[in-house]
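Participant: There's a structure below that I have some questions on.
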Amino acid sequence: MKTEHTCIFGDSRRMKELENNSVHLVVTSPPYWQLKDYGNEEQIGYNQSYQNYINNLNLVWKECYRVLNPGCRMMINIG
């Protein structure tokens, strides 16, 4: 059986290149709050309030829900 896979590296708060219900699996490891500076002004979790961190993560979860095909899975690595 032939399968096709695409890895996209970018900002998960805005996945404009993906259509609604077009993804069958999301694998993500969200950044921890205030633990690592990735050197990117737009990064989530560093040099921002806890509430802003949570708001940004909620944008990620909303986008993941939008692009996931109904009945498919999202895997979140925490810890």
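The values are calculated or read from the model by the stated rules, or taken from the named source; none is laboratory data. Since this is a predicted model, take the numbers as computed values, not measurements. Every residue, glycine among them, receives a Cβ derived from its backbone with ideal geometry; neighbour counts consider all protein chains shown.
Participant: Being out of contact with any Phe, Trp or Tyr (no Cβ under 7 Å at 6 or more places or on another chain) and among the small types (Gly, Ala, Ser) is the filter here; which residues of the stretch 9-54 pass it?
Facilitator: The answer is 10, 12, 22, 29, 39, 49.
Participant: Can you tell me which condition residue 11 does not meet? The list is (1) touching a residue at least 24 places away in the same chain (Cβ under 8 Å); (2) of a type outside the set (S, T, N, Q); (3) at positive phi, and all the others hold.
Facilitator: Of the numbered conditions (1) touching a residue at least 24 places away in the same chain (Cβ under 8 Å); (2) of a type outside the set (S, T, N, Q); (3) at positive phi, the odd one out for residue 11 is (3).
Participant: Taking residue 44 as the residue in question, decide whether it is touching a helix residue (DSSP H, G or I) at 6+ places or on another chain (Cβ under 9 Å), under 17 Å from residue 74 (Cβ atoms) and either modelled with pLDDT of 95 or more or in a loop (DSSP other than H, G, I, E, B) (or both).
Facilitator: In short, yes.
Participant: Scan the stretch 65-74 and give yes if some residue there is hydroxyl-bearing (Ser, Thr, Tyr) and more than 14 Å from residue 11 (Cα to Cα), otherwise no.
Facilitator: Our first condition is that a residue be hydroxyl-bearing (Ser, Thr, Tyr); within the stretch 65-74, this holds for 65.
Those still in the list that are more than 14 Å from residue 11 (Cα to Cα) too: 65.
Yes; the residues of the stretch 65-74 include at least one that is hydroxyl-bearing (Ser, Thr, Tyr) and more than 14 Å from residue 11 (Cα to Cα).
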